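The values are calculated or read from the model by the stated rules, or taken from the named source; none is laboratory data. This is a predicted model, so every value here is computed, not measured. Virtual Cβ from ideal backbone geometry, glycine too; neighbours counted across all protein chains shown.
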Amino acid sequence: MLLGSAVFAFSLFACGGDGGNSSSSEETGKASCIENAFDRNKVIAAILDECSVSANDILEADIEGIDLGSCSRNDVISYSNKTILELTAKCGEMTSISSSSAASLSSSSIEMTPGNFITDLRDGRQYRIVQIGNQTWMRDNLNYSKNETAGYCYGVDIKGENPHRDSSSCDNGYGRNYQWIEVMDGNSEQGLCPDGWRLPSDTELTAIANLSAMENYAVFSTFILAGNYNSNADYPPLGWKERDVSGFYWSNTSNSYMLYVGNNAGIYNTNLGNEASPNDYFSVRCVADGDLSCGNTTYSFDTEFCYNDLVYEKCGGFAYNPTKDTCENGRIRVPPLVYGGQTYKTVKIGGQTWMAENLNYETAGSWCYNNSASYCDTYGRLYDWEAAMESCPDGWHLPSREEWSNLVNFAGGYLTAGEKLKSAIGWDGTDDYGFNALPGGYNYDEAGFNISGNGNWWTATKNDQGNTYYRYIYSDLVYVDEGSNGKNYRYSVRCVKD
């Protein structure tokens, strides 16, 4: 992790003691306190300390839990090992991770640039990437359904109706499980990978398997342990295996080769094997196919992309569909939405299309702040949850908790995404992606309105207690946090496209 230009080096060796106070700047070698057991709390504490989080935020922290103060403690503590590297993104421009001591790299460092994605123009899905030496790998599992005819999302009944259907269990980088014949897609080297990408060979997967645990984790990042569908009775149980325990990845060399990744008490281990059968269901990571070409022209992946054999300049660092969308000041704009007599700006962020302003559709269960129409003109209406669930136009919906998480993660994680999503004109943010969040306030029954420089947005997801999750952002703070409240609270609404 880079803080400015300094590399945050992870060393894998045991450290004594009980972890102590994770906020103490006098402790040295916190980055080394990972141990072979890969204690997630120690790692998180080390990351927070290295990122210069206020001592008040992690005061009295110990290895059993971390008091994050105003940050969302439950969110951070609930992160499993698979999200540790994602937390490091809060430190700013993370451009490399290197290892020392027993975990040293034999090749060049692993290069990761926040916001560096490829877009699969077949379906608009985006994948994070990582540079290892002279190769570029996907950091997310392939999630291409070939119009819902290939691959299986985790948990579906593969013998049921429409088993290849899209599902939220495929989201957030987990991707699909495929049989080998599906992956090869006619035995081409490209297989089901996007144009300019291909399936890795067993030699390339062997190189990945030979990386250290931390380096391997950096390559495959989150969702390395995506789970798989098991049809081999010799390895019970049959059916879907538990996520975050193991992952299997296909090679293109033959249908028997795969990369296995496992987690035993936090210790990641990898190996290449030939015990697979063509009837197995595994994940896929694609690798860039050498020099990138477009028609008869080579192009720079950093600044350009290829669409229909023509080279286009990326928009804010991202590819887009130039036949449908436009690039406006580094933001991908999709056609505006007309609904209820009002025209809404829309924006594509991380593969999702969002309204770029709060909903202002008058319906029962909605109010203007302070009952003043002028507030609605600027900030949209406030809705109770039941009204929010019914107010988005056809083809759009109230975003789920997961879809909000996708947005926040795309914007760098909840610890810093608030500043990037807040409006640069109507609020105190930088509006990096054109989301243009505004502080619409809230209301509860007849208890009066409260604005206090905050914006609150409903999700469509309820918790086990029957309350509903919402996201909120405050003035003068840079994070996006999550809470849950009763359905009678009145919050703003952003709709997301189906």
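Table: residues versus (1) more than 14 Å from residue 209 (Cβ to Cβ); (2) modelled with pLDDT under 75.
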site: 254; (1), (2): yes, yes
site: 262; (1), (2): no, yes
site: 266; (1), (2): yes, yes
site: 274; (1), (2): no, no
site: 278; (1), (2): yes, no
site: 286; (1), (2): yes, no
site: 292; (1), (2): yes, yes
site: 298; (1), (2): yes, no
site: 302; (1), (2): yes, yes
| Is the range 397-416 home to any residue that is at positive phi and either part of a helix (DSSP H, G or I) or in contact with a strand residue (DSSP E or B) (Cβ under 9 Å, 6 or more places away or on another chain) (or both)? | no
| note | Residues of the range 120-153 being touching a strand residue (DSSP E or B) at 6+ places or on another chain (Cβ under 7 Å), assigned to a loop (DSSP other than H, G, I, E, B) and surrounded by fewer than 21 Cβ atoms within 10 Å (Cβ to Cβ), in sequence order, are 121, 150
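This table checks each residue for (1) touching a helix residue (DSSP H, G or I) at 6+ places or on another chain (Cβ under 7 Å); (2) of a type in the set (A, V, I, L, M, F, W, C); (3) surrounded by 17 or more Cβ atoms within 10 Å (Cβ to Cβ); (4) at pLDDT 90 or above.
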site: 411; (1), (2), (3), (4): yes, yes, yes, no
site: 437; (1), (2), (3), (4): yes, yes, yes, yes
site: 440; (1), (2), (3), (4): yes, no, yes, yes
site: 444; (1), (2), (3), (4): no, no, no, no
site: 470; (1), (2), (3), (4): no, no, yes, yes
site: 493; (1), (2), (3), (4): yes, yes, yes, yes
site: 496; (1), (2), (3), (4): yes, yes, yes, yes
| query | If residue 164 passes every condition in (1) in contact with a helix residue (DSSP H, G or I) (Cβ under 8 Å, 6 or more places away or on another chain); (2) modelled with pLDDT of 85 or more; (3) under 30 Å from residue 404 (Cα atoms) but one, which one does it miss? | reply | (1)
| What is the number of the single condition among (1) without any contact (Cβ under 8 Å) to a residue 12 or more places away in the chain; (2) under 24 Å from residue 340 (Cα atoms) that residue 464 does not meet? | (2)
| query | Assuming residue 155 fulfils every condition listed in (1) in contact with a helix residue (DSSP H, G or I) (Cβ under 6 Å, 6 or more places away or on another chain); (2) within 22 Å of residue 257 (Cα to Cα) apart from one, which condition is it? | reply | (2)
| query | Which members of the range 154-188 meet the condition of being part of a loop (DSSP other than H, G, I, E, B), in contact with a strand residue (DSSP E or B) (Cβ under 7 Å, 6 or more places away or on another chain) and aliphatic (A, V, I, L, M)? | reply | 158
| Is the range 362-379 home to any residue that is part of a strand (DSSP E or B) and closer than 21 Å to residue 486 by Cα? | yes
| Based on what the data block shows, is residue 171 crowded, with 16+ Cβ neighbours inside 10 Å and without any contact (Cβ under 8 Å) to a residue 40 or more places away in the chain? | no
| query | What single numbered condition from (1) at pLDDT below 50; (2) under 25 Å from residue 419 (Cα atoms); (3) under 16 Å from the mean Cα position of the chain (by Cα) fails to hold for residue 173? | reply | (1)
| request: Determine whether residue 316 is surrounded by 12 or more Cβ atoms within 10 Å (Cβ to Cβ) and within 26 Å of the chain's Cα centre (by Cα). | output: yes
| task | Determine whether the range 385-395 contains at least one residue that is assigned to a strand (DSSP E or B) and at pLDDT 95 or above. | result | no
